[in-house]
């Protein structure tokens, strides 16, 4: 069936005007084109909708029935259009975002503030959790969006790449002075070979950060001296500052105040290690307008924060 909304509106115009020529003038369409359009509708339906006479046209009984349905259809389309426009202008409903503590550090204040300002009818939830649980929580419907450090294939989740974070070696000035030859203390980088001299405290092997580190170690055929495993980033930095051990963290998660006060010192890792960050959502359940709005905002906000330096993803040439 080739009937479209324009054809339906033109049908109503002819019925209202009682004349194809007057309807064509009102609808700003050529009379032959309008006549052809009405004929195509009649052919599709297999029934005559108008009777032609010297004064114009009038509806047949079938045309009267069809008109009542068409008017109802067009009203519903107009209402649907207005509802969608209003929903886009003022989206509402729950939007739950799951993310790690290290990412929440950058996003919480600007993202929540912008959502509240733009879309007061959205009930936004930011839930801090281990990123390994996020895909399952999205599949179960407990989360709408998530930020992860890897792709979990085959679980009904769609991923879009947001950024890459550089991983850096963090130690204390005391540990660095004791274990590294004085000639290279001022160097901005450290190799896996040199890292073997240090006692390392890393997240557990199930942690996304540790998985990324282990991938690089396997690739370089290196093994580090891991003396303990701790999954919380603030505690890893405190343990480093207390000279208990050294660690590897994403550059963005480092407490800049601890670096400024010389409690911890950083080094590039050679070769550089990067950890990808992905924004994910269900590939099975279509996102609501509210979810789509927040998803677009996250992508826009992250890129802006990287561009203006509010989200440092890579080290400078010096510390």
Next item on the list: Specify which of the listed residues (104, 96) is within 30 Å of residue 298 (Cα to Cα), surrounded by 14 or more Cβ atoms within 10 Å (Cβ to Cβ), free of Cβ contacts under 8 Å to residues at least 40 places away in the same chain and in contact with a strand residue (DSSP E or B) (Cβ under 6 Å, 6 or more places away or on another chain).
Entry: 104
Check: Out of curiosity, is residue 172 touching a residue at least 12 places away in the same chain (Cβ under 8 Å) and surrounded by 21 or more Cβ atoms within 10 Å (Cβ to Cβ)?
Finding: yes
Note to self: Among the residues in region 251-259, are any part of a strand (DSSP E or B), modelled with pLDDT under 95 and either surrounded by 18 or more Cβ atoms within 10 Å (Cβ to Cβ) or assigned by TED's automatic domain parsing to the domain that holds residue 189 (or both)?
What the structure shows: no
Margin query: Filter region 220-236 down to the residues that are touching a strand residue (DSSP E or B) at 6+ places or on another chain (Cβ under 8 Å) and within 15 Å of residue 105 (Cα to Cα) and list them by number.
Written below: 233
Notebook entry, point to check: Among the residues of region 280-293, is any outside the structural domain of residue 133 (by TED's automatic domain parsing) and surrounded by fewer than 16 Cβ atoms within 10 Å (Cβ to Cβ)?
Noted result: no
Next item on the list: Taking only region 256-281 into account, find how many residues are in contact (Cβ under 8 Å) with a residue 40 or more places away in the chain and closer than 21 Å to residue 104 by Cα.
Entry: 9
Checklist line | Qualifying residue in region 235-248 (condition: under 30 Å from residue 308 (Cβ atoms), within 33 Å of the chain's Cα centre (by Cα) and not in a helix (DSSP H, G or I)) | finding: yes
Next item on the list: Please specify each residue of region 211-229 satisfying the condition of being under 22 Å from residue 179 (Cβ atoms) and within 29 Å of the chain's Cα centre (by Cα).
Entry: 213, 216
Next item on the list: For region 300-309, state whether one or more residues are assigned to a helix (DSSP H, G or I), at pLDDT 90 or above and more than 30 Å from the chain's Cα centre (by Cα).
Entry: no
Note to self: Can you pull out every residue in region 112-138 that is part of a helix (DSSP H, G or I), touching a strand residue (DSSP E or B) at 6+ places or on another chain (Cβ under 7 Å) and crowded, with 16+ Cβ neighbours inside 10 Å?
What the structure shows: 115, 131, 134, 135, 137, 138
Margin query: Can you list the helices (runs of 4 or more DSSP H) lying wholly within region 11-100 that have 3 or more residues being closer than 30 Å to residue 286 by Cβ, modelled with pLDDT of 90 or more and not assigned by TED's automatic domain parsing to the domain that holds residue 296?
Written below: 61-89
Note to self: Given the options 279, 297, name the one that is under 22 Å from the mean Cα position of the chain (by Cα) and either assigned to a helix (DSSP H, G or I) or within 19 Å of residue 167 (Cα to Cα) (or both).
What the structure shows: 297
Next item on the list: Would you be able to say whether some residue in region 219-234 is within 19 Å of residue 273 (Cβ to Cβ), assigned to a helix (DSSP H, G or I) and out of contact with any helix residue (DSSP H, G or I) (no Cβ under 6 Å at 6 or more places or on another chain)?
Entry: yes
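The values are calculated or read from the model by the stated rules, or taken from the named source; none is laboratory data. Keep in mind that this is a model prediction, so the values were computed, not measured. Positions of Cβ are backbone-derived with ideal geometry, glycine not excepted, and every protein chain shown enters the neighbour counts.
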